[in-house]
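Have a look at the structure below before the remarks.
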Amino acid sequence: ESFRLFESNMSKYKGNRDKSVKPIYFDEIKKYLLKHQNGILVEDNLEADDYVIIKAIETGGVVVGEDKDSWGCPVRVYNPSKREEGVVDCRGFGDIWISDNKSKNVVGRGRKWFYFQVAYGDPVDNYFAHAQSEVKHGEKSAYNVIKDCKDDKECLEALVALYKRLYPEGKGYTTW
């Protein structure tokens, strides 16, 4: 299990996947990758994408993949599904914006993308800033909290103000 499972409180980390069926050939694929592709078995409660990011930071390498979380880490990223973007440098403060596709999702890179994720959450991993709040708050609200911030200090101040608005009296709850 990922260390995040034991750190999550308001909702179960990836709990929205509990009813998902594990791919039938998962174990065989893992064995094949380890034996024939010089695969590395990641231990220490890390997920594979965490390990790849850590190694990219240590070596200056490029993360190749589609995981949006890598865009908020101090690495360079190449998404093979978006070849036209080339290698994107996510090191530094970065930026966020509304995508121009039909979904109109928020996208970004650098620390500012990470701050947005703290302000919003991650529906893929089943966590949200507003998980135990009575205040209506969603992706666009989180975007509006972070979009005009010019540096780390402004982002951190905006996050503190957001969480004070989401939880003005504090909140007691039973963990999942």
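Leaving out ligands, DNA and RNA but keeping every protein chain, what accessible area does GLU1 have, in Å² rounded to the nearest 10, with a 1.4 Å probe?
Surface open to solvent at GLU1 totals about 150 Å².
Work through the residues other than GLU85 whose Cβ is under 12 Å from its Cβ and net out their charges, Lys, Arg +1 and Asp, Glu -1. Before the final figure, lay out each step's value.
Values: positive: ARG76, LYS82, ARG83, ARG109; negative: GLU66, GLU84, ASP89.
Here the count lands on +1.
If you take the square roots of the eigenvalues of the alpha-carbon gyration tensor of region 33-154 and sort them as a ≥ b ≥ c, do you get rounded (a/c under 1.5), prolate (a/b over b/c) or oblate? Each step should come with its number before you reach the end.
Values: a/c = 1.92, a/b = 1.57, b/c = 1.22.
Prolate is the answer for region 33-154, as a/c is 1.5 or above and a/b outweighs b/c.
For ARG111, tell me the accessible area in Å² from a 1.4 Å probe, rounded to the nearest 10.
Rounded to the nearest 10, the figure is 100 Å².
Within the chain, what whole-number % of the accessible surface is contributed by carbon and sulfur, with the 1.4 Å probe and all protein chains included in the calculation?
Details: 6310 of 11740 Å².
Carbon-and-sulfur percentage of accessible area, whole number: 54.
For the chain, with every protein chain kept in place, what is the accessible area per residue (1.4 Å probe, Å²)? Before the final figure, lay out the partial values.
Values: 11740 Å² over 176 residues.
In whole numbers, the chain has 67 Å² accessible per residue.
Using the scaling law 2.2 N^0.38 Å as the reference, what is the normalised Cα Rg of region 21-81? Spell out each step's value before the answer.
On the way: Rg = 13.0 Å, N = 61, 2.2 N^0.38 = 10.5 Å.
This ratio for region 21-81 stands at 1.24.
For the chain, what does the helix formula give at 222 nm: sum of -39500 (n - 2.57) over DSSP H segments with n ≥ 4, over the residue count, nearest 500 deg cm²/dmol? All intermediate terms of the calculation are to be shown ahead of the outcome.
On the way: 6 runs with 62 residues, N = 176.
So the helix-based figure for the chain works out to -10500 deg cm²/dmol.
Given the protein chains as shown and a 1.4 Å probe, how many square angstrom of PHE114 are accessible, to the nearest 10?
Solvent-accessible area, nearest 10 Å²: 100 Å².
From the Cα gyration tensor of region 86-129, with a ≥ b ≥ c the square roots of its eigenvalues, which class applies: rounded if a/c is under 1.5, or else prolate if a/b is larger than b/c, or else oblate? Can you show the working numbers first?
On the way: a/c = 1.98, a/b = 1.21, b/c = 1.64.
Oblate, since a/c reaches 1.5 and b/c is not below a/b.
The values are calculated or read from the model by the stated rules, or taken from the named source; none is laboratory data. Note that the structure is predicted; figures quoted are calculated from it, not measured. A quick note on method: Cβ atoms are made from the backbone with ideal geometry, for glycine too, and the neighbour counts reach across all protein chains shown. The accessibility values were calculated without ligands, DNA or RNA, using every heavy atom of the protein model including side chains. Shrake-Rupley method; radii C 1.70, N 1.55, O 1.52, S 1.80 Å.
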